[in-house]
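What follows is a short report on a single structure.
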Amino acid sequence: MRIHFIAIGGSAMHNLAIALHQKGYEVTGSDDTIFEPSKSRLERYELLPNQFGWFADKITSDLDAVILGMHAKKDNEELLKAQELGVKIYSYPEFLYEQSKNKTRVVIGGSHGKTTITSMILHVLHYHDKEVDYMVGAQLEGFDTMVHLTEENDFIILEGDEYLSSPIDRRPKFHLYQPNIALISGIEWDHINVFPTFDNYVDQFRIFIESIVNGGALVYNEEDSEVRKMAELTENPIRKFPYFTPVYRIEQGETLLNTPEGEMPVEVFGAHNLSNLAGAKWICQHMGIDEDDFYEAIASFKGASKRLEKIVEHNNTVAFKDFAHSPSKVRATTKAVKEQYKDRKVVACLELHTYSSLDALFLKEYEGALNTADEAVVFYSPDAVKIKQLEEVSAAQIETAFNRDDLIIYTKPKDFKEYLAQKDFDNSVLLLMSSGNYGGLDFDEVKKWVIRE
């Protein structure tokens, strides 16, 4: 098959391009710019476009399909040419469904925890040499790509994102997968630029539950009131499997999880991660992995990339980076780190980077989110606010929203870097939370500042 990608450089798009190349498809693509690591990875597989930009002559009638990325615009000349020629156009999730409609589809949904749960499941299956197709939102240790597709595997595991599918398909991605087995980890209002009210956002998950095939299974977090209510009220004829945070305790910085065989040390920590583990266990059991085998494998799971990822540890100092940006995830992650390292000073740094977090009306959702940190820092770029065409946000608004008098606020990358460079991190934990990079922060430099002797 001949497939052309419009906006091939995206995190998900370039991984799908590589997966199809590995499957034997003829793959081409375009983009107006491509950043690392996408650029190097596409180059390694000889899929990097010869030049950046959009070129209508790349679209020909002998293409089997065009896959349209979210980064492209509705008036993209390649898209217009494909429409003119009548070439089949797929969004990313539509194409994944086409590739998996004869498989058992396992879809992991929720406002937070999707990547971690999907990663846990894949780690356990990989540990026990169980081959599956998959799409996950982070690079995993032991896996070459974030997307893997075959003809022969029976199962496919899909991270079910609720964001829109493409510039011409405004349906949330996870509405298109029609899962046989689904999981919802929790619901907290997000993507307010697309879902302007909480009720509108919640409706997307209701539709997701209704999309589960008849006789399918829903695994859900019963500790989340919205999820529990939705699961109980659905009239879809499916089987339901609630889960909750397992019993655990922390001893000398180590998390010990209660199991039927007694206490077991695990690498991940925090109530939210152990809740994720409970959900992953249910999914693995549906896929033929028994409880004992799950625990044996999960003991060695160290986490997904940028999900409480330890970047450096030296003597009594440690630093983590985390993708946390929504209020509940920031709150849960900060609390988890303080619980794990209760005898150390926790310095929590949050970058407000997404549309939601930079929205003046949404800011109030962050009240108390950093309260468990001993020192709290918020970084945001006024330039990012302008680029996103949002109302200007002031430092005073942020301080009021977080409701913390000693909150430290930076708006210039240079000032934030100087703060980190001059900080004494002895007997401390540095927690860097962002879906961005603090205006170009070099994490190798951060490592040097943290372990400075």
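Odds and ends about this structure:
- Test: residue in the stretch 320-337 that is out of contact with any Lys or Arg (no Cβ under 7 Å at 6 or more places or on another chain), in contact (Cβ under 8 Å) with a residue 60 or more places away in the chain, closer than 19 Å to F379 by Cα and basic (K, R): yes
Yes or no, residue by residue, for (1) among the basic types (K, R); (2) touching a His at 6+ places or on another chain (Cβ under 8 Å); (3) closer than 22 Å to Y201 by Cβ:
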residue: K310; (1), (2), (3): yes, no, no
residue: N316; (1), (2), (3): no, no, no
residue: K338; (1), (2), (3): yes, no, no
residue: L361; (1), (2), (3): no, no, yes
residue: N371; (1), (2), (3): no, no, no
residue: V377; (1), (2), (3): no, no, no
residue: P382; (1), (2), (3): no, no, no
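Yes/no per residue for (1) closer than 28 Å to H128 by Cα; (2) surrounded by 15 or more Cβ atoms within 10 Å (Cβ to Cβ):
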{"site": "I207", "(1), (2)": "no, no"}
{"site": "Y220", "(1), (2)": "yes, yes"}
{"site": "R228", "(1), (2)": "no, yes"}
{"site": "L233", "(1), (2)": "no, no"}
{"site": "F244", "(1), (2)": "yes, no"}
{"site": "V268", "(1), (2)": "yes, yes"}
{"site": "L277", "(1), (2)": "yes, yes"}
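- Filter pass, F205 being without any contact (Cβ under 8 Å) to a residue 24 or more places away in the chain, over 30 Å from N76 (Cβ atoms) and within 21 Å of the chain's Cα centre (by Cα): no
Here is a yes/no grid of residues against (1) over 21 Å from Y410 (Cβ atoms); (2) touching a Leu at 6+ places or on another chain (Cβ under 7 Å):
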{"position": "F323", "(1), (2)": "no, no"}
{"position": "P327", "(1), (2)": "no, no"}
{"position": "V330", "(1), (2)": "no, yes"}
{"position": "E339", "(1), (2)": "yes, no"}
{"position": "C349", "(1), (2)": "no, yes"}
{"position": "L352", "(1), (2)": "no, yes"}
{"position": "D359", "(1), (2)": "no, yes"}
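- Exactly one residue among E36, E94 is without any contact (Cβ under 8 Å) to a residue 12 or more places away in the chain, acidic (D, E) and either buried (at least 19 other Cβ atoms within 10 Å of the Cβ) or not assigned by TED's automatic domain parsing to the domain that holds I157 (or both), and that residue is E36.
- Only one entry in D224, D190, D203 is over 17 Å from D169 (Cα atoms), modelled with pLDDT of 95 or more and crowded, with 20+ Cβ neighbours inside 10 Å, namely D224.
- Within the stretch 56-91, the residues that satisfy the criterion of being over 18 Å from E26 (Cα atoms) and surrounded by fewer than 17 Cβ atoms within 10 Å (Cβ to Cβ) are A56, K73, K74, D75, L80, Q83, E84, L85, G86.
- First in the stretch 375-397 and among the β-branched types (V, I, T), second anywhere and modelled with pLDDT under 75 and assigned to a helix (DSSP H, G or I), Cβ under 8 Å, 6 or more apart: V393/V385
- Residue check for V219: under 26 Å from the mean Cα position of the chain (by Cα) and either at pLDDT 95 or above or polar (S, T, N, Q) (or both): yes
- Exclusive hit being under 26 Å from the mean Cα position of the chain (by Cα) and either outside the structural domain of R206 (by TED's automatic domain parsing) or not in a helix (DSSP H, G or I) (or both), set P237, P242: P242
- If you go through the stretch 361-384 and pick out every residue that is assigned to a loop (DSSP other than H, G, I, E, B) and either at pLDDT 85 or above or closer than 15 Å to W189 by Cα (or both), you end up with 10.
- Any chance E141 is more than 20 Å from I238 (Cβ to Cβ), touching a residue at least 40 places away in the same chain (Cβ under 8 Å) and in contact with a His (Cβ under 7 Å, 6 or more places away or on another chain): no
- Residue selected from the stretch 267-282 under the condition touching a strand residue (DSSP E or B) at 6+ places or on another chain (Cβ under 6 Å) and modelled with pLDDT of 95 or more, by the criterion nearest to A332 (Cα to Cα): L274
- With respect to (1) in contact with a strand residue (DSSP E or B) (Cβ under 8 Å, 6 or more places away or on another chain); (2) surrounded by fewer than 23 Cβ atoms within 10 Å (Cβ to Cβ); (3) assigned to a loop (DSSP other than H, G, I, E, B), the lone exception for P179 is condition (2).
The values are calculated or read from the model by the stated rules, or taken from the named source; none is laboratory data. Since this is a predicted model, take the numbers as computed values, not measurements. Counting neighbours? That spans all protein chains shown, and the Cβs are built from the backbone with ideal geometry, glycine included.
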